[in-house]
Amino acid sequence: MKSWLGAYWIRCRCDKQEFVFRLLLLVVLGLLFVSFPCMSGIQPYNLIPIAISVLFALLVFVFLYWKRWLALTSRMASLLLFSIYSVFMTLVGSHDHSMVFTILSNVLICCVVAEYVSITGDQKVVLLLYGLSMLFFGLVFCGFYWREILAFNADRIGSLFGNLNTVGLHFVFGSASFFGLSLVSKRKNLVLAIPALALGVLSFLTGSRASLLMFFILVVVWIFLLFGKRVWISLVTLSCLVLIGLVVLSLPVFAGIRSRLNELFTTFFGGEGGNYDYSGVQRLNMIWDGLFLWTKNAIFGYGMGSFALLTGYGTYSHSTLVEVLCNTGVIGLALFFFPVMSSWRFKKGENFRFFGLLFLIGCIVPCLFFGMMIYSKAFYFLFGILLGAHEFSSSGFAGSLIVERKGKGVLPSFRMVPWSNRHLKMASDFVRGIVRL
């Protein structure tokens, strides 16, 4: 422990007061990461993670005031505008205020985490902290459900901690953090794949097919990023893991997820021996109905909760893309996906880009169609780390509003970091892509 603290102090290159403050922030952030999956689905304990998030935000702003420097980047500004626009369209459109606090708090905590990481450069430390927090949640999960696990109970488990799909998402994002950490060092650390695989197994126990799909994609992307141009090694490794996965799925404990997968394949691809997958068909219909609803107000959207209100399903669309389009139209789509789809691009030679690619392909893309990112704290935590790491790199801070406190004064001064020609071209290309869409 002392050696780790010493190494962290050397890397921080700061005085003792700042070092202690940063350790305090990491402790509070760790409590925040742990409290949300453990308590957010249990009333009245769900108020505890909210209180910790407020405390962390206040401490970060005190830290930034002390450091005399704050950057409002273009990507953070786009996220903030997305949340404000969502609230505005809700006030004039759907009038469903049940998720207003959720979207505002999610975006704010994402920006706070990103701001902290961008100022300190602690992206690897915070990513490890998130992974360890999900591992701790996994231990708590096993502590509550050890009888069902040891008894090879085929039922889905995890409802104590909230929606089963959300619980599975927590485990998958924890797995993504460990897989990403194994790639971001100069020497690949394969030991970190062990907790990643363990969290992936726990996600299976929730019975969430979306989590299973995301974990499978994560493993595939991780293998190809690990071996790089040695494609044949990646293919052999992937084949071996598929065989192991089939053996694992044949265990009695995974009978529930095996049955649900069988239903999925026989419903959509034909075959015998499976029951009809009503859930899968309904979710596919949700996507089509949501897209049809969006075409009636393609530019502005209807406000938050509009899919549940106007389609008769009575719940959200289970698809991030559909939910964003119905809620906020093309305007909201551009504001949300500009930071989300561009923050993985780092300068050449920056190893953290491997985590960006892994998170983009393994988590974000599947969630566009089969998961809900805009209401998920787990997504905003990990994306906040990625966004902060991007802004910390040399490719960041272009087009940012810098707020500085001069000397011992209280009032801030403001300055803009100009866009380079390369960034202007990237922005114009993104706008053209949205217009074509």
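The values are calculated or read from the model by the stated rules, or taken from the named source; none is laboratory data. In this text the structure is predicted, and so the values were computed from the model without any measurement. We place every Cβ from the backbone using ideal geometry, glycine too, and count neighbours over all the protein chains shown. What goes into the accessible areas is simple: the full protein's heavy atoms, side chains included, and nothing from ligands, DNA or RNA. Shrake-Rupley method; radii C 1.70, N 1.55, O 1.52, S 1.80 Å.
Anything in the range 170-198 that is in contact with a Ser or Thr (Cβ under 6 Å, 6 or more places away or on another chain) and closer than 20 Å to V365 by Cα? List them, or say none. If the condition is that a residue be in contact with a Ser or Thr (Cβ under 6 Å, 6 or more places away or on another chain) and closer than 20 Å to V365 by Cα, then F171, V172, A196 are the ones that fit.
For the range 64-87, check the following and say yes or no: at least one residue is farther than 28 Å from K406 by Cα, open to solvent by 40 Å² or more (accessible area, probe 1.4 Å), within 19 Å of the chain's Cα centre (by Cα) and of a type in the set (S, T, Y). Scanning the range 64-87 turns up no residue that is farther than 28 Å from K406 by Cα, open to solvent by 40 Å² or more (accessible area, probe 1.4 Å), within 19 Å of the chain's Cα centre (by Cα) and of a type in the set (S, T, Y). If you go through the range 333-383 and keep only what is open to solvent by 20 Å² or more (accessible area, probe 1.4 Å), assigned to a helix (DSSP H, G or I) and within 22 Å of G399 (Cα to Cα), you end up with A334, L335, F338, M341, R353. In the set I217, I223, only one residue is within 19 Å of F179 (Cβ to Cβ), modelled with pLDDT of 85 or more and open to solvent by 30 Å² or more (accessible area, probe 1.4 Å); that residue is I217. Given the residues F88, F137, which is the only one that is in a helix (DSSP H, G or I) and either of a type in the set (V, I, T) or closer than 27 Å to F355 by Cα (or both)? Selected residue: F137, the only one of F88, F137 that is in a helix (DSSP H, G or I) and either of a type in the set (V, I, T) or closer than 27 Å to F355 by Cα (or both).
Looking at the structure I just gave you, is F144 within 20 Å of the chain's Cα centre (by Cα), among the aromatic types (F, W, Y) and open to solvent by 10 Å² or more (accessible area, probe 1.4 Å)? No: the conditions fail for F144.
Going by the conditions given, is I157 assigned to a helix (DSSP H, G or I) and open to solvent by 10 Å² or more (accessible area, probe 1.4 Å)? So I157 does not fit the description; no. Of all residue pairs spaced 6 or more apart or on separate chains, those with beta-carbon atoms under 9 Å, a first member in the range 12-41 that is farther than 14 Å from G131 by Cα and a second member that is of a type in the set (D, E) and assigned to a helix (DSSP H, G or I) are C12/E18. Residue count for the range 117-141 under the criterion of being within 17 Å of the chain's Cα centre (by Cα) and of a type in the set (F, W, Y): the result is 2. Can you tell me which condition W69 does not meet? The list is (1) at pLDDT below 90; (2) farther than 26 Å from G174 by Cα; (3) out of contact with any Lys or Arg (no Cβ under 9 Å at 6 or more places or on another chain), and all the others hold. Single failed check for W69: (3).
Number of residues in the range 384-413 that are surrounded by fewer than 24 Cβ atoms within 10 Å (Cβ to Cβ), of a type in the set (G, A, S) and either at pLDDT 75 or above or not in a loop (DSSP other than H, G, I, E, B) (or both): the value is 3. When the range 173-214 is limited to residues that are touching a residue at least 60 places away in the same chain (Cβ under 8 Å) and within 16 Å of V140 (Cα to Cα), the one that is surrounded by the most Cβ atoms within 10 Å (Cβ to Cβ) turns out to be L202.
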